[in-house]
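Quick notes on the structure that follows.
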Amino acid sequence: MKKFILTLLTLLFSMSVLAHGPTPQKVQESITVKIAPSKAWEIVKDFADFKKIMKIRSFDDEIMKIKYEMLKKDGPFSDYNAYIIVKKGANDKESVIQWTARFYRTYKLNPPIPEGQDDATAVAAVKKIVGPGLKSLKKALETK
Amino acid sequence: MNTQNKKFIRIVFFFLLFILISSCQNKEKINPKAYITNQGDNTVSIVDLKKLKVIKTLEVGIAPLGITLLNKKKLGFIGNVGTDDISVINTNTDQIIKTIKLNTAPLSLTSSPDESKVFVTDWFKNNILIISVEEMKVINSIKVGVTPSGIAFNAKYNYLIVTNRDANTVEIYDNNNKLIKKLSTGEHPFGVYTEGKYAFIANVYDDTITIINLEKWSTQTIKVGAHPYNIMTQNDLGFVTNTVDDTLSVIDLKTNKELKQIRTGETPENLDLHKDLNLLVVTNWGSDSISIYNLNDLNLIKEIKTGAQSRSFGDFILH
């Protein structure tokens, strides 16, 4: 019985993954840092850790926004575009750094989708970049 | 007071109440609305374009994307790529009145000018599905090229125009569902718009727009911003959403040159306009919102929060 339910769940899960089709995926995470937005922006613009994996596409000083494309081509995602925005925090000495990534899974043809090339795998991989990336940025911002 | 009088007062009371309710409903009916598909939270935000606010959020199928509206029949068709079906909305009551099962992902939708048919691109099996609006079911299909993406109906020639994203082509079908022309586009053609004797296609990967003259079958290419997604025209101007630049390119269609770019929300995808109200509405996938512009001066009137990953691929303003 247990096995049956497990099989059923697996089937249902894989069906929902299959059914999703060509949908762009979104990962959006924010972190609060104890530094004024203008100062944070100067550091974010030139953050070396990001340059290792992503190429800067453009800057916008007015809205404190930087756009990246992915250099790393071996991840389980494709067409990765991301932007990081520095926003005002709760007070003058606080900022909120928001990272938004848009990407697709690697397999773009019709179902069945091979394992490891689906939406869930792509989202998990990008979350592993965004989460730790924001944490290392916070560390850099608050120690400078 | 006698029973007769009480009865009379009651009738008058209900009569007045009825007038009040129906006048309110009429007022609601007059206001133009925008229907925004939010792919991230399986809803449609309904925006009153006079009050400039969301008046209702409707639950639809999973991952809604494409849309077409029937102004005369007061119906909206929403394509859900997660549940492989179409939610049909009565736009008077803003309730779902029917779900049409497709068993394939409906990527984009358009309708015939007489509102008798809705056309749906079948992303997985490379078809255009034809839905009879009267019967509310698929009555026919046309086999087309790979990855049919954007779709538009040209009322001047009765052409059905479809972009093939992964083949870098556009196909044009006539009234008898016969392929009459297949042309090369830029790289990764996605959104398509048609008006009069022209069709306009956004080529995502090479940052261009292809303009097709449907009479002479000649084409022209215009450079726009990064990763254009869709296009719409009004008089001599073209408007293009540049998803990676977060801008709208404004094109002069007399000289076929980009005049300027104006800022949108994040990752702008699709657009539609309301000529009487002079409004241009852009859906912002990244900022979960829509940007509303004045068509005369292209100034931003308001950005309104909608739902997660707002897209509305198709015509989404009800007149």
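The values are calculated or read from the model by the stated rules, or taken from the named source; none is laboratory data. The model shown is predicted, which means the values in this text are computed figures rather than measured ones. In this analysis, Cβ positions are derived from the backbone assuming ideal geometry, glycine residues included, and neighbour counts consider all displayed protein chains.
Descriptive notes on the structure:
Residue-by-condition table, conditions (1) within 14 Å of residue A:31 (Cβ to Cβ); (2) touching a residue at least 24 places away in the same chain (Cβ under 8 Å):
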{"site": "A:102", "(1), (2)": "no, yes"}
{"site": "A:109", "(1), (2)": "no, no"}
{"site": "A:113", "(1), (2)": "no, yes"}
{"site": "A:118", "(1), (2)": "no, yes"}
{"site": "A:121", "(1), (2)": "no, yes"}
{"site": "A:125", "(1), (2)": "no, yes"}
{"site": "A:128", "(1), (2)": "no, no"}
{"site": "A:132", "(1), (2)": "yes, no"}
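- Residues in the range B:75-121 that are free of Cβ contacts under 8 Å to residues at least 40 places away in the same chain, within 11 Å of chain A (Cβ to nearest Cβ) and either assigned to a loop (DSSP other than H, G, I, E, B) or more than 21 Å from residue B:41 (Cα to Cα) (or both): B:83, B:84, B:103, B:104, B:105.
- Within the range B:221-239, the set of residues being away from every other protein chain (no Cβ under 14 Å) and free of Cβ contacts under 8 Å to residues at least 24 places away in the same chain comprises B:235, B:236, B:237.
- Residues (outside any strand (DSSP E or B) and not β-branched (Val, Ile, Thr)) located in the range B:234-250: B:235, B:236, B:245, B:246
- No other residue among B:272, B:288 is in contact (Cβ under 8 Å) with a residue 60 or more places away in the chain and within 14 Å of another protein chain (Cβ to nearest Cβ) apart from B:288.
- Matching residues in the range B:122-149 - criterion: being within 13 Å of another protein chain (Cβ to nearest Cβ) and in contact with a Phe, Trp or Tyr (Cβ under 6 Å, 6 or more places away or on another chain): B:149
- Candidate set from the range B:161-203 (those that are surrounded by fewer than 24 Cβ atoms within 10 Å (Cβ to Cβ) and of a type in the set (A, V, I, L, M)); member that is farthest from the other protein chains (Cβ to nearest Cβ): B:180
- Hits in the range A:9-32 (condition: over 23 Å from residue A:77 (Cα atoms) and either of a type in the set (Phe, Trp, Tyr) or modelled with pLDDT of 95 or more (or both)): A:31, A:32
- Members of the range A:86-144 found to be touching a Ser or Thr at 6+ places or on another chain (Cβ under 8 Å), part of a helix (DSSP H, G or I) and within 14 Å of another protein chain (Cβ to nearest Cβ), listed by number: A:119
- Residue match in the range B:68-83 (condition: at pLDDT 70 or above and more than 18 Å from the chain's Cα centre (by Cα)): yes
- With respect to (1) over 20 Å from the mean Cα position of the chain (by Cα); (2) surrounded by 14 or more Cβ atoms within 10 Å (Cβ to Cβ); (3) in a strand (DSSP E or B), the lone exception for residue B:259 is condition (2).
- Contact map, the range B:136-148: first residue part of a loop (DSSP other than H, G, I, E, B), second residue of a type in the set (Asp, Glu), Cβ cut-off under 6 Å, separation 6 or more or different chains; pairs are B:144/B:171; B:145/B:171; B:146/B:166; B:147/B:166.
- Residue B:70 out of contact with any Phe, Trp or Tyr (no Cβ under 7 Å at 6 or more places or on another chain), touching a residue at least 60 places away in the same chain (Cβ under 8 Å) and surrounded by 18 or more Cβ atoms within 10 Å (Cβ to Cβ): yes
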